[in-house]
Amino acid sequence: MKNFLALILVVSLAFSCKSNDKDKEASAQDTKEITYASFGMEINDADALAANRMAEHYKSMKVGDTVNSKMIAIVDEVCQAKGCWMKVSLENGEQAMVKFKDYGFFMPKDIAGKQVVINGMAYVNEVPVDELRHYAEDAGDSPEEIAKITEPKKTFSFEADGVLLKEE
């Protein structure tokens, strides 16, 4: 009888250990840390505003206003010449043009659709026609499309001193 009770105890202990291991594996997957590639100044993702919240801040700003900020957004477009600028989605089709402080770093050219955390200064800018045409050329637009640019444009802009690119 003692052997039978000992056998039950050993089997119960073995099964409880296995389920505990599975719980630990599931817990590790649930708390899997997000990893980022870092560009420019070292930053983290703490306190970053979602793009739609940042869009609300931009709407209340006028040309020349600035605000230090950190935001999480999806990349729409990257300069295909050098990776020296990118456009990120805000909301309702609006975008912010992101340049990099002192051209101190560039982004990979193949990151459209990926999530980034950008840190720096948000501002509203009026971009002159020649600069708009330059960006269109960098983006690979046709000469016909570039010729259609005839007026300056008020844009939401961001000068980033650091960027985190979410790795998948």
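Here are the criteria: (1) in contact with a Leu (Cβ under 6 Å, 6 or more places away or on another chain); (2) exposed (fewer than 14 other Cβ atoms within 10 Å of the Cβ). Tell me which single one VAL129 does not satisfy. Only one criterion in (1) in contact with a Leu (Cβ under 6 Å, 6 or more places away or on another chain); (2) exposed (fewer than 14 other Cβ atoms within 10 Å of the Cβ) is unmet by VAL129, namely (1). In region 79-168, which strands (runs of 3 or more DSSP E) lie fully inside it and hold 2 or more residues that are of a type in the set (Asp, Glu) and either under 21 Å from the mean Cα position of the chain (by Cα) or over 16 Å from SER69 (Cβ atoms) (or both)? Qualifying strands (runs of 3 or more DSSP E): 153-166. Scoring GLY64 on the criteria (1) surrounded by fewer than 12 Cβ atoms within 10 Å (Cβ to Cβ); (2) assigned to a loop (DSSP other than H, G, I, E, B); (3) in contact with an Asp or Glu (Cβ under 6 Å, 6 or more places away or on another chain) leaves a single failure, condition (3). Of all residues in region 132-168, those being free of Cβ contacts under 8 Å to residues at least 24 places away in the same chain, surrounded by 13 or more Cβ atoms within 10 Å (Cβ to Cβ) and of a type in the set (Gly, Ala, Ser) number 1. Note on region 87-117: residues that are farther than 18 Å from TYR135 by Cβ and touching a Leu at 6+ places or on another chain (Cβ under 7 Å) amount to 3.
Rule-based calculations on the coordinates, nothing more; no lab input. Please read all numbers here as calculations on a predicted model, not as lab measurements. Glycine also receives a Cβ, built like all others from the backbone with ideal geometry; neighbour counts cover every protein chain displayed.
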